Amino acid sequence: MPEFDTREFEKVNMDKYAGKYSEKGFSDKVSSAVKAAGLALIYKALQLYYVTKNPACPTRIKAGIFAALGYFISPLDILPDFTPIVGYSDDAAAVALAIGMAQIYIDDEVKQKAKKRIAGLFGENVVKELD
């Protein structure tokens, strides 16, 4: 797989994607993208989603998460999601940046909630792949 050039990603104005975030859009994307994007990416995106529900998480961290999840949801990004093989690599980079930003808020409870959501969507057997 070609390596993702982060310099291209850094040129993207992530603030414009924060307005694209919605609970329904995120849920729809998770359901439709799991096979193409990969279970690990969906797991990380769900972790970010649950971090935003934590009242102790600062607003600036939540804003960054919403921008990353808005980018993840948006079909219009650097590499369109339908592009074979690399279509989700830019989405993965956005999620990875947000994970780095929110790492201290990703505790066992957040991980368990994300796994429970995945189990509800795709079955218990799928969750075993996350450990």
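The values are calculated or read from the model by the stated rules, or taken from the named source; none is laboratory data. These figures come from a predicted structure and were not determined experimentally. Counting neighbours? That spans all protein chains shown, and the Cβs are built from the backbone with ideal geometry, glycine included. Keep in mind that these areas ignore ligands, DNA and RNA; they rest on the heavy atoms of the full protein, side chains included. Shrake-Rupley method; radii C 1.70, N 1.55, O 1.52, S 1.80 Å.
Given the residues I78, I85, which is the only one that is of a type in the set (V, I, T), touching an Asp or Glu at 6+ places or on another chain (Cβ under 9 Å), open to solvent by 30 Å² or more (accessible area, probe 1.4 Å) and modelled with pLDDT under 80?
Testing whether each residue is of a type in the set (V, I, T), touching an Asp or Glu at 6+ places or on another chain (Cβ under 9 Å), open to solvent by 30 Å² or more (accessible area, probe 1.4 Å) and modelled with pLDDT under 80 leaves just I78.
Filter region 43-67 for residues that are touching a Phe, Trp or Tyr at 6+ places or on another chain (Cβ under 8 Å), more than 15 Å from F26 (Cβ to Cβ) and either open to solvent by less than 30 Å² (accessible area, probe 1.4 Å) or of a type in the set (A, V, I, L, M) (or both) and give the result.
A56, C57, I61
When the residues of region 1-34 are narrowed to those that are charged (D, E, K, R) and modelled with pLDDT of 80 or more, which ends up least open to solvent (accessible area, probe 1.4 Å)?
Applying the filter and picking the extreme gives E23.
Name the residues in region 122-131 that are open to solvent by 70 Å² or more (accessible area, probe 1.4 Å) and either in contact (Cβ under 8 Å) with a residue 60 or more places away in the chain or small (G, A, S) (or both), would you?
Answer for region 122-131, where residues must be open to solvent by 70 Å² or more (accessible area, probe 1.4 Å) and either in contact (Cβ under 8 Å) with a residue 60 or more places away in the chain or small (G, A, S) (or both): just E129.
Suppose we filter I118, I99, I106 for residues that are crowded, with 17+ Cβ neighbours inside 10 Å, farther than 26 Å from K16 by Cβ and either out of contact with any strand residue (DSSP E or B) (no Cβ under 9 Å at 6 or more places or on another chain) or modelled with pLDDT under 80 (or both); which single one remains?
Result of the check over I118, I99, I106: I118.
Return a yes/no flag: does region 35-42 have any residue that is part of a loop (DSSP other than H, G, I, E, B), small (G, A, S) and either surrounded by 11 or more Cβ atoms within 10 Å (Cβ to Cβ) or at pLDDT below 85 (or both).
Yes, region 35-42 has at least one match.
Scan region 100-131 for residues that are assigned to a loop (DSSP other than H, G, I, E, B) and under 16 Å from the mean Cα position of the chain (by Cα) and jot them down.
Answer for region 100-131, where residues must be assigned to a loop (DSSP other than H, G, I, E, B) and under 16 Å from the mean Cα position of the chain (by Cα): just I106.
Against the conditions (1) under 23 Å from L130 (Cβ atoms); (2) of a type in the set (K, R); (3) at pLDDT 85 or above, where does R60 fall short? Just the number, please.
Result: R60 fails condition (1) only.
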